[in-house]
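In what follows, a structure is listed as structure tokens, so that the remarks can point back to it.
The values are calculated or read from the model by the stated rules, or taken from the named source; none is laboratory data. No experiment lies behind these values; they were computed from the predicted model shown. Heads up, the Cβs are rebuilt from the backbone with ideal geometry, glycines too, and the neighbour counts pull from every protein chain shown. Ligands, DNA and RNA are excluded from the accessible area calculation, which covers all protein heavy atoms including side chains. Shrake-Rupley method; radii C 1.70, N 1.55, O 1.52, S 1.80 Å.
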Amino acid sequence: KDKGFQIAMQKTAKALEEASQTRFIQPVFVAATYTQMNQFDKALEWLEKGYEMHDPDMPYIQCLELYSQIKDEPGFIELVKKMNF
């Protein structure tokens, strides 16, 4: 992915994280941003927050193409197991 895209995604992730301090931002949106930047540890961190906060989109993470890059990561597998899927 080109450098401009990476910069835009970094700004988006930062804005989402900042916004999440004062209002509800679905963790899956932040995780998706980090996944697109190939920052899988950060993506998994936000998915874990989504699990803890009962993000309404968490049940769909297994079937969304967006998360196909991290579906084999141990943290993702463990999270799916915790959700009983």
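Side notes on the structure shown:
- Near residue 75, once Lys and Arg are set to +1 and Asp and Glu to -1 for all other residues with Cβ below 13 Å from its Cβ, the sum equals -1.
- Of all accessible heavy-atom area on the chain, the percent that carbon and sulfur account for (1.4 Å): 53 percent
- Nearest-20 debye value, the chain charge dipole, Cβ charges on Lys, Arg, Asp, Glu: 220 debye
- Over 22 Å between alpha carbons, listed pairs 11/49; 14/49; 11/81: 11/81
- Across every pair of non-identical alpha carbons in the range 1-59, the mean reciprocal distance, once inverted, gives a Kirkwood radius of 11.5 Å.
- Taking label positions 7 Å along the Cα-Cβ direction at both residue 10 and residue 66, the computed distance is 2.2 nm, reported to one decimal.
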